[in-house]
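Reviewing the structure listed below.
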Amino acid sequence: MAEKTLTIVNTIALLAMVLYLVASHAEKSKIPEEIKAQRLSIVGPDGHLYISMSNPEKQALATTHGVPNNPGTNRDLPGLLFFNRVGDEVGGIYYDGTDEENFAGITFDQQKNDQIMAIMKDEYLDEGEWKRWYGMFFRERVDSIRVEKLYDEFIEKTKGMDESKKNLEYLQFKKYLDSEINVYRMFLGREENKNTGLFIYDSKGRERIKLYVDETDNAFFEILDKDGNEIRSGKVLDNNE
């Protein structure tokens, strides 16, 4: 009788252990319904950052070889940033907006540089009217070696400056970069004036060719010289016009 009782007890204990292990495994394999975080970083085994998904306050800065390009600044955009295996930020996805503005984009960076191709859109209220533009942009940027040299010169120049003066210097520096070594080359999309088409610029960022349809469904083409003067232009006529 004692042996039979012991066998029953052992069987119950074994069954209890099996049920516990099954329940424990089920709990571990259960997919969480929600994960909350201010920033999610995808890293390699050595801690190297590859992807950053973040709110505006915690967004990662652009880096070159893992070193922030503009330390002390704040990107202030929620989104998803991508980094390559040597620590360069290489592009990203962002979405944000308010009741007065809404914007989004997908960007692709040049080697050791900023974006040269992007899909973007912007909508904003202007005196009670919504203005909109959206499409694909192409830019021309100088080789990264020159940019790195300019950044090195800027960092050397601003050493020891207080934060406010350094920020002013950076704004001037950024303005120079945008005007001299960062120019639009092509836009395919819809402009604020509601013209939808193809707009091509020269190496100085001057608009040279326009092929578009306006908001009344009329089609036009324009060819401009480097000073913005029309060389040739016209309306594309329908067969019944």
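The values are calculated or read from the model by the stated rules, or taken from the named source; none is laboratory data. Nothing here was measured: the structure is a model prediction, and the numbers come from that model. So basically every Cβ, Gly included, is an ideal-geometry build from the backbone, and we count neighbours across all protein chains shown.
If the condition is being of a type in the set (Ser, Thr, Tyr) and in contact (Cβ under 8 Å) with a residue 40 or more places away in the chain, then the stretch 148-164 contributes only Tyr151. Checking each residue in the stretch 103-118 for being more than 9 Å from the chain's Cα centre (by Cα) and either among the β-branched types (Val, Ile, Thr) or modelled with pLDDT of 95 or more (or both) picks out Ile116, Met117. Inspect all residues belonging to the stretch 114-132 and state whether any of them is charged (D, E, K, R), more than 30 Å from Asn193 (Cα to Cα) and out of contact with any helix residue (DSSP H, G or I) (no Cβ under 6 Å at 6 or more places or on another chain). Within the stretch 114-132 (the criterion being charged (D, E, K, R), more than 30 Å from Asn193 (Cα to Cα) and out of contact with any helix residue (DSSP H, G or I) (no Cβ under 6 Å at 6 or more places or on another chain)), the answer is no, since none of the residues qualifies.
Glu123: more than 16 Å from Gln59 (Cβ to Cβ) and modelled with pLDDT of 95 or more, yes or no? Show your work before the answer.
Details: more than 16 Å from Gln59 (Cβ to Cβ): yes; modelled with pLDDT of 95 or more: yes.
It is true that Glu123 is more than 16 Å from Gln59 (Cβ to Cβ) and modelled with pLDDT of 95 or more.
Among residues of the stretch 45-63 that are within 22 Å of Asn113 (Cα to Cα), those with a beta-carbon under 6 Å from a residue that is among the basic types (Lys, Arg) and surrounded by 14 or more Cβ atoms within 10 Å (Cβ to Cβ) at least six positions away or on a different chain give the pairs Gln59/Arg75. Tell me which residues, restricted to the stretch 104-127, are closer than 30 Å to Val86 by Cα and either among the aromatic types (Phe, Trp, Tyr) or in a strand (DSSP E or B) (or both). Ala104, Gly105, Ile106, Thr107, Phe108, Asp109, Gln115, Ile116, Met117, Ala118, Ile119, Met120, listed by residue number.
Of all residues in the stretch 213-237, those that are over 16 Å from Glu191 (Cβ atoms) have Cβ atoms under 6 Å from Cβ atoms of residues that are among the basic types (Lys, Arg) and part of a loop (DSSP other than H, G, I, E, B), 6 or more apart or on another chain, in Lys226/Arg206. With respect to the conditions (1) at pLDDT 95 or above; (2) within 27 Å of Gly44 (Cβ to Cβ), Glu89 falls short on a single one, namely (1). Under the condition of being surrounded by 16 or more Cβ atoms within 10 Å (Cβ to Cβ) and charged (D, E, K, R), which residue from the stretch 89-111 is farthest from Pro56 (Cα to Cα)? Restricting to residues being surrounded by 16 or more Cβ atoms within 10 Å (Cβ to Cβ) and charged (D, E, K, R), the top hit is Asp109.
In the stretch 60-88, the residue that is surrounded by the most Cβ atoms within 10 Å (Cβ to Cβ) out of those that are touching a Lys or Arg at 6+ places or on another chain (Cβ under 9 Å) and assigned to a strand (DSSP E or B) is Leu81.
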